[in-house]
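Some notes on the structure that comes next.
Bear in mind these aren't lab numbers, they're just calculated from the coordinates by the rules spelled out. Here the structure is a predicted model, which is why all the values come from computation and not from measurement. Cβ placement follows ideal geometry from the backbone for every residue including glycine, while neighbour counts extend to all protein chains displayed.
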Amino acid sequence: MGGRTQHAAGELARAEALLAEAFALAEGPDRVTAAAWLGVLRAHQSRSEEALTLLHPAARAQAGAAHTAAALHALLFTGHVRAMTGHPAQALAAFSRYTAEVERRQVPRFAGRGVNFAGWVLRSLGAADQAREHHLQALAAGQGQGTADVTIAALEDLAELAVETADPDAARARLAQAAGLLDDELVFGWRLELKHQLVSARLELLCGDGGQALALATGLAARAADLGVPRYASAARLLVQLARRELGEPASLDAAAGALEQIRATAALEAWWWTGQAAAAFGVPAWLEAAAGHAARLAGQAGDYADVLQQAAGRRLEQWRAQAARARPGARR
């Protein structure tokens, strides 16, 4: 319980020490539960293989009301890890299992989470309309049950979708709604704050405010690094370079390339579009080819969404190539 409390509060180093000790001491069913909570932490730390191993026993558990929370979190974060390692079809299957298990166990307080995670996966597969439906369904579930974390997560994902579809007014409105619900008492509120800052920085870039984007991205990079959450730290480092580019300040291609490599390692689901956007901004043809390669590999793991992704990636690549051709030189190695 101490480890879970520290994890929820954003004290990941303290949580790691306590949960590791709990896992070492536990026996029988308690060991399965301890493994699940340590696995969730490992997922947040992008230690994917270890996370999957720890989550597996609880994720396949089908009985025992006492272990409901651990079993559901194990399913949810198994899907999260599968997505982040570039296996979206497996991720969607895990989220579907999660939602079915919520209904089977009749625990509505857990509703909406799997649906919202599935929407996030669908966005990177190019299925924007389906993604929006999922996020709206999750928002309704969160508001209906009074679960602030689900409501905030859905609002932030809807804001990110609005950024991706170039609708800054809608994005700003959703972010404002989410900000009004964020407070220090939220379970995993630190993760929601990181997401809010990430989407906010992307929105400022979309609106051409490089200064505000740079401030947000710099703060996010420091906070995520301090927490030990590589998934957000890597995206923030790339946004720092994109913001400097927007401001006409010296930007480092090497730093951007390093951030892209970290994104590929920690968020393979999103690597293709992050790489394509960077290629368009900096005018780097090799990054366009890398984006195409990332998309092709992801499509190979996308199941029924393979064609949807390939078509969406093809359209985006055409746009990025045109933008890259117009990009002015000036980034330094």
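The phi-based Karplus calculation (6.51 cos²θ - 1.76 cosθ + 1.60; θ = phi - 60°) puts the 3J(HN,Hα) values of the stretch 263-276 at 5, 4, 7, 10, 8, 4, 4, 9, 4, 5, 7, 4, 5, x Hz, whole numbers, x for Gly and Pro. Tell me what the chain gives for mean residue ellipticity at 222 nm when only DSSP H runs of n ≥ 4 count, each as -39,500 (n - 2.57), the sum divided by the residue total, rounded to 500 deg cm²/dmol. The helix-only estimate for the chain comes to -26000 deg cm²/dmol at 222 nm.
Here the Karplus relation 6.51 cos²θ - 1.76 cosθ + 1.60, evaluated at θ = phi - 60°, turns the backbone of the stretch 297-304 into coupling constants of 5, 5, 4, x, 10, 9, x, 5 Hz, with x for every Gly and Pro. Computed from the alpha carbon positions, the gyration tensor of the stretch 223-300 leads to an equivalent ellipsoid with semi-axes of 20, 18, 8 Å, biggest first. The relative contact order of the stretch 205-333, computed from alpha carbon pairs under 8 Å that lie at least 6 residues apart in sequence, is 23 percent.
Computed extension gain for Ala13 through Ala322, at 0.36 nm per residue and net of the alpha carbon distance, reaches 106.7 nm.
Given the stretch 90-179, report the % of alpha carbon pairs whose separation exceeds 15 Å. Roughly 56 percent, once rounded to a whole number. In the chain, the longest principal axis of the Cα atoms and the axis of helix 88-105 are about 30 degrees apart. A Förster radius of 35 Å combined with the Cβ-Cβ distance from Arg315 to Leu136 puts the calculated FRET efficiency at roughly 0.90. Full extension of the chain between Ala173 and Gln212 gives 12.3 nm of extra length, using 0.36 nm per residue less the Cα-Cα distance.
If you take every residue apart from Ala179 with its C-beta less than 13 Å away from the C-beta of Ala179, what net charge results, scoring Lys and Arg +1 and Asp and Glu -1?
The answer is 0.
Cα-based Rg of the chain per 2.2 N^0.38 Å, rounded to two decimals? Don't jump to the answer; show the numbers that get you there.
On the way: Rg = 19.5 Å, N = 333, 2.2 N^0.38 = 20.0 Å.
Normalised Cα radius of gyration, the chain: 0.98.
Full extension of the chain between Phe188 and Leu25 gives 56.1 nm of extra length, using 0.36 nm per residue less the Cα-Cα distance.
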